[in-house]
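Scroll down for the structure; my scribbles are underneath it.
We did not get these values from a lab; they are worked out from the coordinates using the rules stated. Bear in mind that the values here come from a model prediction, so they are computed numbers and not experimental data. As a convention, Cβ positions derive from the backbone with ideal geometry for all residues, glycine included, and neighbour counts pool all protein chains shown.
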Amino acid sequence: MNDKVQGHSCAAARGVVERKDGLCPVLIGTSGYSYTEWVDSGFYPRGTRAPQMLPLYADSFPIVELNYTWYQMIRAEAISRMIAKAPDSFLFAAKLTRTLTHERERDWRQELKRYREGIKPLQRQLAAILIQLPPDFEWTRNNRCYLAQLLDGLQGFPLAVEFRHVSWAKDSVFAELQRRQVTLVTVDGPSLPGLFPCLDVVTNPSFFFVRFHGRNCQGWQSGNMQKKFDYSYSAQELQQWNDRYLVSLRLQAEKGVVFFNNHVRAQAPANAVLLRELLWRE
Amino acid sequence: MEDRSIIHLNVTDFAVAVERLQDTSLQRHPVIVAPQQAARALVYDMSEEAYGDGVRKGMRLDQARRYCRRARILTPRPRLYRRAMGALVAKVLPYTPLLEQGEEDGHLFMDVTGTHRLFGPAPDIAWRLRRQVLKELGLDPVWSLASNKLVSKVASRMVRPLGEYIVGVGEEAEFLAPLPLSLLPGLSAQELGLLRDFNLDRIGQLAQLKREQLAVPFQGRGEYLYAASRGQDRTPVIPGGTGGSQLSREHHFEGDTADPGELQGVLTALIQVIGRQLRQEGKVGQRIGVRLTYSDGRGAVRQATQAGGTDNDFLLRQLALTALSRAWQRRVRIRSCILVCDRLLPRSRQQTLFVLRSARELQQEKVMTAMDAVYARFGSGSIRLGTAC
């Protein structure tokens with residue numbers, strides 16, 4: 001086997017869906033990788049300890065979305081230790097810390113400064129910073145100003161914005177994101193009133209960003225993560241989603257990243273593999 | 001063995017935080033909590049602003065007043081703090097029965113290992129709890145998550161008064177290495193001094209020493225230092241019960257004392273009060289702690305434990321004296337002492353099956369019953385324990 005083919009098969013084995021027929025390449029991964037229940041569910045071998053999870057995960061996927069950076073401020077030393085466990089070609093998307101999105105009672109400018117400092121070691125392997133805004137973050141003058149300031153403060157980083165509230169689904173919002181070269185996150189979630197809809201709008205041709213949250217309507221409002229993200233996509237649902245949205249997104253951008261957030265009982269990695277195989281077959 | 005997930009919740013300056021909930025005008029002032037009626041009162045707690053001005057726990061109140069002249073001085077209300085602690089515990093208990101609480105000081109350790117299928121990942125539990133406690137109680141705890149109590153406690157110290165810290169499994173030693181030794185829990189001032197003499201000031205430097213090297217200067221404590229500096233701690237989270245998880249009594253001496261007899265007499269009197277309360281509440285205590293404050297403001301805490309617990313004044317007194325001998329290591333006079341009885345359990349009414357109690361124990365039990373009858377009829381000061389020389 002020559003090097004090129006071998007390189008391709010390694011990339012393929014780790015889940016990169018290559019460019020094909022005008023469709024851009026796609027990197028598929030999951031939201032988070034360090035879940036004890038993924039050992040129980042068989043994704044990680046029995047007895048896998050937390051420090052061993054990232055290298056094992058990187059054997060299967062080329063990219064991961066870091067969830068823990070939402071819970072606590074990102075710290076350079078911790079990030080450096082984590083990067084060392086993954087291959088050089090492995091990519092990360094890092095969530096913006098909740099003190100800048102959901103709980104803004106602290107001095108957000110100071111928090112932003114800390115975040116910029118903390119993420120520095122990741123810069124070479126950073127696919128995007130994910131700015132996930134809360135459901136009560138509506139399209140108001142104050143919130144628009146805040147978001148504009150936040151995007152200004154993060155200038156220079158690849159950015160993706162996920163809205164949860166439907167009021168942001170406006171052409172003016174998309175135009176502004178386009179002007180700023182900021183990616184609008186495409187979300188697949190439960191069909192509930194008030195939630196931001198699933199759209200194939202590409203505001204940044206450099207990359208698109210997809211998050212599959214699962215479609216558990218009851219669990220979504222339970223306040224319990226185990227219920228909220230307990231959903232498994234069927235092959236048919238993923239095929240329909242590909243036909244309706246993914247093909248369109250792939251035609252509009254240079255590359256794409258797709259994450260499955262339905263982590264409960266390791267449904268996310270199973271669905272990520274399912275989508276990958278589906279795209280390979282095409 | 002499965003990696004553990006230990007959450008440490010800590011409401012900083014707990015007494016002040018509770019007082020500020022009662023009186024919101026206190027938010028605008030530095031606050032010092034100290035018994036004002038005592039002749040030589042010591043600071044019980046202080047706000048972050050007062051701390052910034054140099055006020056410390058155990059400091060003499062008159063000195064603290066000089067350091068922070070604008071501070072509002074409040075008399076401690078331990079019952080109020082105990083109630084607030086009970087409310088905090090009630091929020092945490094639905095997540096895990098493995099919950100260890102300090103005194104009414106806003107500290108909680110939770111072992112949430114294995115609860116992920118019910119409640120999701122441990123960081124999410126910690127975050128939700130903090131949000132719930134803030135929303136429903138108005139208290140804003142610091143939280144940290146690590147694989148053991150020691151590391152989670154250090155992590156909390158890193159971010160207080162506000163924030164959170166997650167230390168990943170396997171990263172304990174690297175996390176601790178750059179930190180100053182003073183952040184490592186459980187080190188006495190004497191041990192810190194000795195480490196300074198060896199030119200060690202970071203935890204990572206201590207972790208480079210072998211067991212044998214530590215055994216020479218630190219003897220029995222060498223093993224603890226060896227493990228702690230590497231972030232190793234297998235001590236379990238010990239459920240401390242709910243509501244009043246401990247009983248404590250405090251005594252301030254009229255003048256600083258170095259008289260062992262006087263100190264033992266005071267502890268005996270305090271034990272009587274606590275022992276009677278235990279019997280009234282149908283509980284037994286498994287641990288007695290003695291906290292001494294020396295005349296120079298420095299403190300020392302040591303404990304003695306009794307497996308299975310006891311409510312017998314004679315046994316409790318023995319434990320207190322053992323703890324006292326462990327705590328009183330300096331040739332410095334004592335200003336005040338606090339006696340704490342914790343790890344409380346409900347008293348079992350069932351007789352032991354095989355181990356028969358000695359005649360002496362039976363005799364002591366009769367004496368206790370008789371003393372309780374006297375207390376009930378003539379009041380708490382009517383009869384006291386004494387020792388014959």
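The table that follows gives values for the structure above.
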| item | result |
| --- | --- |
| Inter-probe distance in nm under a simple model that places probes 7 Å from Cα toward Cβ, at B:R326 and A:Q236 | 6.7 nm |
| Approximate spin-label separation A:E105-B:L80, in nm, with each point projected 7 Å along Cα-to-Cβ | 2.0 nm |
| Test item: B:159-172 mean partner chain Cβ contacts at 10 Å | 4 |
| Sorted by Cβ neighbour density within 10 Å, fewest at the top, the residues B:R335, A:R141 | A:R141, B:R335 |
| Computed FRET value (nearest 0.05) for A:N224 with A:S167, which takes r as the C-beta separation and R₀ as 30 Å | 0.70 |
| Equivalent ellipsoid dimensions for segment B:123-262 as semi-axes, Å, which come from the Cα gyration tensor, largest first | 29, 26, 14 |
| Anisotropy class of segment B:24-78 from Cα gyration tensor, a/c 1.5 cut | oblate |
| Under the span-like rule (Cα at least 27 Å along the axis, Kyte-Doolittle mean at least -0.5), DSSP H helices of chain B | B:260-281, B:359-378 |
| Cα-based Kirkwood hydrodynamic radius, the protein assembly as shown, one decimal, Å | 28.4 Å |
| Segment B:151-199: relative contact order in percent, alpha carbon pairs under 8 Å with at least 6 residues between | 33 percent |
| Point-charge dipole on Cβ atoms (K/R +1, D/E -1) for segment B:15-78, about Cα centre, debye to 20 | 220 debye |
| Computed E for B:Q36/B:Q280 - FRET, C-beta separation, R0 22 angstrom, nearest 0.05 | 0.15 |
| Debye intensity ratio in log₁₀ form over the Cα atoms of segment A:3-281, taken at each q of 0.15, 0.16 Å⁻¹ | -1.22, -1.42 |
| For chain B, the longest site-free run once chymotrypsin sites (Phe, Trp or Tyr not before Pro) in DSSP loop states with at most 13 other Cβ atoms within 10 Å are removed | B:1-197 |
| Shielding by partners, peptide B:113-122 (average Cβ within 10 angstrom, other chains) | 5 |
| For chain B, projected area of the alpha-carbon convex hull averaged over all directions, nm² | 22.4 nm² |
| Convex hull volume per residue for segment B:36-166, taking Cα atoms only, in Å³ | 117 Å³ |
| Amide H contacts under 5 Å for B:K283, placed H, 5+ residues apart | B:R347 |
| Point-to-point label distance, A:L199-A:Q149, nm (Cα→Cβ direction, 7 Å offset) | 2.5 nm |
| Overall form of segment A:86-208 per C-alpha gyration tensor (a/c, 1.5; a/b vs b/c) | oblate |
| For a label point 7 Å along the Cα-to-beta-carbon line of B:S188, residues of segment B:261-282 with backbone N under 11 Å | none |
| Cα-based shape type of segment B:246-378, given that a ≥ b ≥ c are square roots of the gyration tensor eigenvalues and the cut on a/c is 1.5 | prolate |
| R0 of 22 Å, Cβ-Cβ distance B:D105-B:L21: FRET efficiency to nearest 0.05 | 0.90 |
| Ranking of B:T113, B:T96 by count of other Cβ atoms within 10 Å, fewest first | B:T113, B:T96 |
| Residue exposure sequence - A:K255, A:K120, B:K210 - by fewest surrounding Cβ within 10 Å | B:K210, A:K120, A:K255 |
| Set of segment B:316-335 residues, backbone N closer than 20 Å to the point 7 Å along the Cα-Cβ line of B:I383 | B:316-318 |
